[in-house]
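Values quoted throughout were computed directly from the atomic coordinates according to the rules given, and no laboratory measurement underlies them. Keep in mind the model is a prediction, meaning the values are calculated, not measured. Positions of Cβ are backbone-derived with ideal geometry, glycine not excepted, and every protein chain shown enters the neighbour counts.
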Amino acid sequence: MCGGRCFAACEDSVGYSNALARCNQWGGTLASISSAADQPCVDQLLATVPADLWIGYVQTTPALAVDLGWSWLDGTPSTAYTNWSVSQPDDADGVEDGDEQCGEIFVVDHKRNDLICASANPVGMACSK
Ligand SMILES: [Ca+2]
Ligand SMILES: [Ca+2]
C-alpha cells in the first residue's frame, strides 16, 4: 500500500492497450501520478524493474499543444502535478500531430515521456488499485 492505493509493476513488453488490460485483469488500472504524494509510490516500483513503465496517462485531445489535452485514466485532473522529463512531451518531433499519445515513466529520472501507444519499448506497466 502507498497513499491508500496498492501498486504493482508487471514486466512485459506490450503496447499500451495490452498493458492496460493486464492491470484490469489484476483488478486495477494503469497508475496515475496526479500529485507529488503519488511520486514516491511510483519511485518504489521503478526500483524493482530494469526500465520504463507505462502509466495511466493519455493525450485524449491531440489537436492541442503537445503538453495539453492529457488526462489520467482515473479521472483526476492532469494539471495539478506535472513531471515531464527534459524536452518532453515532444510528440516525437515537436509537432503535435498525434504521434505520441500514451504516457510512460522513465526509469532513468522517474519522469514522464509521451510515446507511441504501440511501442514495445517500456518493459512493463505500473498498475494501481
Ligand atoms: Ca509529431
Ligand atoms: Ca516523447
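Classify the stretch 7-66 as rounded, prolate or oblate from the Cα gyration tensor: take a ≥ b ≥ c as the square roots of its eigenvalues, call it rounded if a/c is under 1.5, otherwise prolate when a/b beats b/c and oblate if not.
oblate
Relative to the longest principal axis of the chain, what angle (0 to 90°, nearest 10) does the C-alpha long axis of helix 16-26 take?
Around 20 degrees separate the two axes.
Can you compute log10 of I(q)/I(0) for the stretch 33-83 with the Debye formula, treating each Cα as one identical point scatterer, at q = 0.28, 0.30 Å⁻¹?
One equal scatterer on each Cα of the stretch 33-83 leads to -1.13, -1.19.
Do you know the relative contact order of the chain, to the nearest whole percent, from alpha carbon pairs under 8 angstrom that are 6+ apart? List each step's numbers first, then the result.
On the way: 277 pairs, mean separation 50.3, N = 129.
39 percent.
Among E104, E11, which comes first, then next, by fewest other beta-carbon atoms within 10 Å?
Result, fewest neighbours first: E11, E104.
Measure off 7 Å from each Cα along the Cα-to-Cβ vector at W26 and T82, then give the distance between these two points in nanometres to one decimal.
Calculated label separation equals 2.9 nm.
When a/c is below 1.5 the answer is rounded, else prolate if a/b is larger than b/c, else oblate, so apply that to the stretch 7-128 with a ≥ b ≥ c taken from the square roots of the Cα gyration tensor eigenvalues.
Rounded shape, in that the Cα axes give a/c under 1.5.
Can you give the FRET efficiency to the nearest 0.05 for R5 and V108, using r as the Cβ-Cβ distance and R₀ = 30 Å?
FRET efficiency, R5 to V108: 0.80.
With charges set only on the Cβ (+1 for Lys and Arg, -1 for Asp and Glu), what does the dipole of the chain come to about its Cα centre, in debye to the nearest 20?
Roughly 660 debye for the chain.
Within a Cβ distance under 13 Å of K129, other residues only, what is the Lys/Arg minus Asp/Glu net charge?
So the surrounding residues net to +1.
Return the inverse of the average 1/r over all pairs of distinct C-alpha atoms in the stretch 64-129, which is the Kirkwood hydrodynamic radius, in Å to one decimal.
After inverting the pairwise mean of 1/r, the radius is 12.6 Å.
In what sequence do C6, C117, C23 fall when counting other Cβ within 10 Å, fewest first?
In increasing order of surrounding Cβ atoms, one gets C6, C117, C23.
Per DSSP H run of n ≥ 4, the term is -39500 (n - 2.57); total these for the chain, divide by its residue number, and report the mean residue ellipticity at 222 nm rounded to 500 deg cm²/dmol.
-4000 deg cm²/dmol
In the neighborhood of G69, defined by Cβ-to-Cβ distances under 11 Å, what is the net charge if each Lys or Arg adds +1 and each Asp or Glu adds -1? List each step's numbers first, then the result.
Working: positive: none; negative: D67, D91, E96, D114.
Once all neighbours under 11 Å are counted, the net charge is -4.
Using the Cβ atoms and a cut-off under 15 Å, what net charge is assigned to the surroundings of Q44, where Lys and Arg are +1 and Asp and Glu are -1?
Net local charge, Q44 excluded: -1.
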